């Protein structure tokens, strides 16, 4: 799947313009240490943490896109940081579980 | 009033108020007038120069002062056209230009004046000091000292032996604005050197955790990077408060972070354990009341016994 699929197939709203790129995985967490330690390179991060430190952490971990679940808003300084780091930011009314489930399907991860 | 206690302030500030002289912060080239000048004329000078006090001189020697209060009283009681000499305050508290700024601060504390005339050794009027001059003078000097500190740090970062990189970053407590900046810099250094991505990630994890520890828990400190072909060393050195129980601090899930730090997604008690997990060498020293020194080394060329 690619970043654009988050907008067109998962139902997220892009908060800033983005360059489309392949997503190799996904990670769902609200603990930045956990994201730092385990989010795969080139992945999308599904989180409730909408602030600029999420961007710093994502950038270090090689995360390409952030989805803020539960219609959380992103402050301007977060979006500004994301623009300069080239990280896409989306918002969605869906909760983390459903977002994760939809993204997993697009990543071709089957059932148990 | 100036909110600085000359007896109990941080030592850097105390050093500043004793080192700086009154002449460094005063407004020079003061508009002064002879003592036969009328109060009406002085009122015009105050308005045009946007000042609230005018020193009265006799052959450039200070003899008195007219403040805006004196002018208001003159207007109220109808003697605005009389000369300054009759109504000026003669009991003057003056500062000397060679006195340290701490004297000026104590004088504002002790006397209820809004300004003090400044004289030199020859007792000539050379300037005037308001509380605003003190605060802006101190701020400018602090700004200058900080620039100097940054310059010195950059000097330390000057290229060492070929192939080695050293960088020092000052990290402030609760500075979420800049948090992660130092670690991003380290990651770029490693990227530029063509270091393997897995190793880049390990170094980024260690660096970010240590940087966030400084932001979340320390009273401020430094993050120091040494990179050469063999290894990347990340050191976090802070000025306190120190860790009372090292074993607890190394336990995953243990954290002293408060609720608002946690609400930002930090304080999960994973920082030090994460750092140790990714590091090939790890060392933690801490003394309560003094500070903490953490060192994490990532081997860039594999050595026997390294973690996978």
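The values are calculated or read from the model by the stated rules, or taken from the named source; none is laboratory data. The structure displayed is predicted, hence computed values, not measured ones. Here the Cβ positions follow ideal geometry from the backbone for every residue, glycine too, while neighbour counts run over all protein chains shown.
If you go through segment A:49-68 one residue at a time, do you hit one that is more than 19 Å from residue A:85 (Cα to Cα) and out of contact with any helix residue (DSSP H, G or I) (no Cβ under 8 Å at 6 or more places or on another chain)? No - not one qualifying residue is present in segment A:49-68.
Could you list, in sequence order, all residues of segment B:282-303 that are free of Cβ contacts under 8 Å to residues at least 24 places away in the same chain and in a strand (DSSP E or B)? Spell out how you get there, then give the answer.
From segment B:282-303, those free of Cβ contacts under 8 Å to residues at least 24 places away in the same chain are B:282-283, B:285, B:302-303; that's our starting set.
Of everything in segment B:282-303, those that are free of Cβ contacts under 8 Å to residues at least 24 places away in the same chain and in a strand (DSSP E or B) turn out to be B:282, B:283, B:285.
Filter segment B:268-294 for residues that are away from every other protein chain (no Cβ under 14 Å) and surrounded by 15 or more Cβ atoms within 10 Å (Cβ to Cβ); which is farthest from residue B:219 (Cα to Cα)? Filtering first and then ranking leaves B:280. Hey, any hits in segment B:215-231 for a residue that's at pLDDT below 95 and closer than 17 Å to residue A:36 by Cα? Yes, that holds for at least one residue.
Just so you know, in segment B:172-185 the residues that are at pLDDT 90 or above and more than 9 Å from every other protein chain (Cβ to nearest Cβ) include one that is nearest to the chain's Cα centre (by Cα), and it is B:182.
Within segment B:257-267, identify whether any single residue is assigned to a loop (DSSP other than H, G, I, E, B), away from every other protein chain (no Cβ under 14 Å) and either exposed (fewer than 14 other Cβ atoms within 10 Å of the Cβ) or modelled with pLDDT of 95 or more (or both), and answer yes or no. Checked against the condition, which is being assigned to a loop (DSSP other than H, G, I, E, B), away from every other protein chain (no Cβ under 14 Å) and either exposed (fewer than 14 other Cβ atoms within 10 Å of the Cβ) or modelled with pLDDT of 95 or more (or both), segment B:257-267 yields at least one hit. All of (1) more than 10 Å from every other protein chain (Cβ to nearest Cβ); (2) within 19 Å of residue B:301 (Cβ to Cβ); (3) at pLDDT 90 or above hold for residue B:200 with one exception: (1).
When you check residue A:59 against the structure, is it surrounded by fewer than 24 Cβ atoms within 10 Å (Cβ to Cβ) and more than 8 Å from chain B (Cβ to nearest Cβ), yes or no? Walk me through how you get there before you give the answer.
Values: surrounded by fewer than 24 Cβ atoms within 10 Å (Cβ to Cβ): yes; more than 8 Å from chain B (Cβ to nearest Cβ): no.
For residue A:59, the condition - surrounded by fewer than 24 Cβ atoms within 10 Å (Cβ to Cβ) and more than 8 Å from chain B (Cβ to nearest Cβ) - is not met.
Does segment B:155-164 contain at least one residue that is over 17 Å from the mean Cα position of the chain (by Cα), touching a residue at least 24 places away in the same chain (Cβ under 8 Å) and not in a loop (DSSP other than H, G, I, E, B)? Within segment B:155-164, none of the residues are over 17 Å from the mean Cα position of the chain (by Cα), touching a residue at least 24 places away in the same chain (Cβ under 8 Å) and not in a loop (DSSP other than H, G, I, E, B).
Only one of the numbered conditions (1) more than 10 Å from chain A (Cβ to nearest Cβ); (2) more than 25 Å from residue A:78 (Cβ to Cβ); (3) in contact (Cβ under 8 Å) with a residue 12 or more places away in the chain is violated by residue B:194, and that is (3). Assessment of segment A:90-103 against the conditions (in contact (Cβ under 8 Å) with a residue 60 or more places away in the chain and within 21 Å of residue B:188 (Cβ to Cβ)) yields no matching residue.
Being closer than 21 Å to residue B:153 by Cα, more than 13 Å from chain A (Cβ to nearest Cβ) and either in contact (Cβ under 8 Å) with a residue 24 or more places away in the chain or crowded, with 17+ Cβ neighbours inside 10 Å (or both) narrows it down to one residue among B:238, B:229; which is it? Explain how you work it out, then say what you get.
Working: B:229 fails: closer than 21 Å to residue B:153 by Cα.
Only one candidate qualifies: B:238.
Total residues in segment B:85-138 satisfying the condition of being assigned to a helix (DSSP H, G or I) and in contact (Cβ under 8 Å) with a residue 24 or more places away in the chain: the figure is 17. With respect to the conditions (1) within 13 Å of chain B (Cβ to nearest Cβ); (2) surrounded by 15 or more Cβ atoms within 10 Å (Cβ to Cβ); (3) in contact (Cβ under 8 Å) with a residue 60 or more places away in the chain, residue A:86 falls short on a single one, namely (2).
Here segment A:33-51 is the region considered, the condition is being more than 13 Å from the chain's Cα centre (by Cα) and buried (at least 22 other Cβ atoms within 10 Å of the Cβ), and the residue that is farthest from the other protein chains (Cβ to nearest Cβ) is A:36. Counting only helices (runs of 4 or more DSSP H) that fall entirely inside segment B:1-61 and contain at least 2 residues that are in the same structural domain as residue B:88 (by TED's automatic domain parsing) and under 22 Å from residue B:97 (Cβ atoms), the qualifying elements are B:11-19, B:22-25.
Just one residue in the set A:98, A:76 is away from chain B (no Cβ under 14 Å) and surrounded by fewer than 23 Cβ atoms within 10 Å (Cβ to Cβ); that residue is A:98.
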